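Chemist: Quick one: the structure is below, and I'll ask about it shortly.
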Amino acid sequence: MSIVYYIPTDGDDLLVSTMAGRGKARVAARDGKVSLCVLDERWPFSYLQVYADAVVEDDPELVVDVMMAVAGRMSGQPLGEDARPFVQQMALDENRVLIRCRPYETFAQPPRHLHSNDQDEKITHWVSGTVAWNAPDPT
């Protein structure tokens, strides 16, 4: 497992940029399945496990678009178009590809509300559950 940034699309896909030679790209190409663990950084920690069908894509423009979007997320502000040539060169030098993740199911550990950081109660999974990615909103 390794840390990645993902970019959601309007069609519910999640796009991950990686180098073609990395294990992530090789396994996605071989197996066609991936899982992502999305962590909530607030205490108490919770997570969402996302199971997805995956394909590796090498469209140079889309690769650069995703890399620019990731850089914007990491820095907290979008990159200007003046950065595009540098990002294009980086994508080429690093042999970057995309993993297009098409989620089909999730497993969530809902957040637990603690009264203090030293509370003895352990976080459990008794209310966790698997839900289809496109399940209707119960509310």
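The values are calculated or read from the model by the stated rules, or taken from the named source; none is laboratory data. Bear in mind the structure is a predicted one, so any value in this text is a computation, not a measurement. Here Cβ is always computed from backbone atoms with ideal geometry, including for glycine, and neighbour counts include all displayed protein chains. Just so you know, the surface numbers come from the protein's heavy atoms only, side chains and all, with ligands and any DNA or RNA stripped out. Shrake-Rupley method; radii C 1.70, N 1.55, O 1.52, S 1.80 Å.
Chemist: Considering VAL55, VAL4, which residue is among the aliphatic types (A, V, I, L, M), touching a Lys or Arg at 6+ places or on another chain (Cβ under 9 Å) and in a loop (DSSP other than H, G, I, E, B)?
Modeler: Working: VAL55 fails: in a loop (DSSP other than H, G, I, E, B).
From the options VAL55, VAL4, the qualifying one is VAL4.
Chemist: Follow-up question, since we're still on this one. Which one is modelled with the highest pLDDT among residues in the stretch 91-119 that are surrounded by 13 or more Cβ atoms within 10 Å (Cβ to Cβ) and of a type in the set (Gly, Ala, Ser)?
Modeler: For the stretch 91-119, the residue satisfying everything is ALA91.
Chemist: Filter the stretch 58-79 down to the residues that are modelled with pLDDT of 95 or more and not in a helix (DSSP H, G or I), then identify the one that is farthest from VAL4 (Cα to Cα).
Modeler: The selected residue is ASP59.
Chemist: Right, here's the next one. Tally the residues that are surrounded by 19 or more Cβ atoms within 10 Å (Cβ to Cβ) and within 18 Å of ALA29 (Cβ to Cβ), restricting the search to the stretch 60-90.
Modeler: The number of residues fulfilling the criteria is 2.
Chemist: I would also like to ask the following. Of all residues in the stretch 6-51, how many are open to solvent by less than 30 Å² (accessible area, probe 1.4 Å), under 14 Å from ARG100 (Cα atoms) and touching a residue at least 60 places away in the same chain (Cβ under 8 Å)?
Modeler: Of the residues in that region, 11 qualify.
Chemist: In addition: Out of (1) more than 30 Å from THR130 (Cα to Cα); (2) open to solvent by 40 Å² or more (accessible area, probe 1.4 Å); (3) of a type in the set (Gly, Ala, Ser), the odd one out for SER2 is which?
Modeler: All conditions are met except number (1).
Chemist: I would also like to ask the following. Before we move on, is LEU15 out of contact with any Cys (no Cβ under 9 Å at 6 or more places or on another chain) and among the aliphatic types (A, V, I, L, M)?
Modeler: No: the conditions fail for LEU15.
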